[in-house]
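The values are calculated or read from the model by the stated rules, or taken from the named source; none is laboratory data. Worth saying up front: this structure is predicted, and the values here are computed from it rather than measured. Virtual Cβ from ideal backbone geometry, glycine too; neighbours counted across all protein chains shown.
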Amino acid sequence: MKVLTIGIVTLLLVLGCQNPSMTQQEKNTTKEAEGVKMASTNPESTGPGKEKTGNWKNYNKPDDATLKKMLTPIQYKVTQHEGTEPPFNNEYDRNKREGIYVDIVSGEPLFSSLDKFDSGTGWPSFTRPLEPGNIVAREDRSLFTTRTEVRSKHGDSHVGHVFPDGPKPTGLRYCMNSAALRFVPKEDLEKEGYGEYKSLFEQK
C-alpha cells in the first residue's frame, strides 16, 4: 500500500503541470506528501548560471560529476534527469518581480516576466520564450501520454513542457520548473551581462 501511494503521488506531480484544472484537494495532497522544502535559487547568490553570464553563447557543458557539485539536488534532478519539482512550493511560481529568467546551468536567457502568467498549476508559466532560439522542443512519450518537452539549447537542460492551452496572444503555456531557472531582476540586467534586455522594461 505504501508503494502504491508513493507511485500515485509521483504521477500527480508530473502530470499536474499538464492539467491546470487540478483540484485544490489534489494540490494539497501532493504538497503534503512531498513534504520537502525546496532549495532556494537565490538570484543574489553565486552559483550555477551566475559565473556564465555573458558567455552563454560559447557555453561548454561540464561533465556529470562537475554538474552534480555545481547544482543542488533538485536542480540536478530536474535539469539533468527530467525531474519535476513540487507545485506551489518552488522559487518562482509566485514571483511577480520584473526581469528575465535564465538557464540555471548555462545562463542563457529563456523567459521574461512580461510573458509570465498565473496558470493555477503551481509552476511558473509563460506564454512564449524570450529567446526562441534558446528553446529546443522534443516529443516526450513518458508516463503513457505524449507531451512536448522544453530544453535549453546551449545547456541542454530539461526546463519543463509546453502545452497548447495557454492564454492569448500565443495560446501556449510554457510550464517550467523553478529549479531549472535563475531570475535576474531588471535593475541587475546590465551588471550581469544582459543589458540588451533593459529596453523591454523601459518601453512599458
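If you check Gly133, Gly99 for being surrounded by fewer than 13 Cβ atoms within 10 Å (Cβ to Cβ) and either of a type in the set (Lys, Arg) or over 14 Å from Ala179 (Cα atoms) (or both), only one passes: Gly133.
Within segment 117-130, residues that are over 17 Å from Glu98 (Cβ atoms) and touching a residue at least 60 places away in the same chain (Cβ under 8 Å) sit with their Cβ atoms under 7 Å from residues that are polar (S, T, N, Q) and assigned to a loop (DSSP other than H, G, I, E, B), at 6+ positions apart or across chains, in these pairs: Trp123/Asn90; Trp123/Asn177. If you go through segment 165-173 one residue at a time, do you hit one that is more than 19 Å from Trp56 (Cβ to Cβ), touching a Phe, Trp or Tyr at 6+ places or on another chain (Cβ under 6 Å) and without any contact (Cβ under 8 Å) to a residue 24 or more places away in the chain? The answer is no; no qualifying residue exists.
Residues considered: Asn90, Asn60. Of these, the only one that is at pLDDT below 95 and in a loop (DSSP other than H, G, I, E, B) is Asn60. Would you be able to say whether some residue in segment 131-146 is more than 16 Å from the chain's Cα centre (by Cα), at pLDDT 95 or above and under 21 Å from Asp93 (Cα atoms)? Looking for residues that are more than 16 Å from the chain's Cα centre (by Cα), at pLDDT 95 or above and under 21 Å from Asp93 (Cα atoms), one finds none in segment 131-146, hence no. Screening Asp103, Asp156, Asp188 for residues that are in contact (Cβ under 8 Å) with a residue 24 or more places away in the chain, out of contact with any Gly (no Cβ under 9 Å at 6 or more places or on another chain) and not basic (Lys, Arg) leaves exactly one candidate, Asp156.
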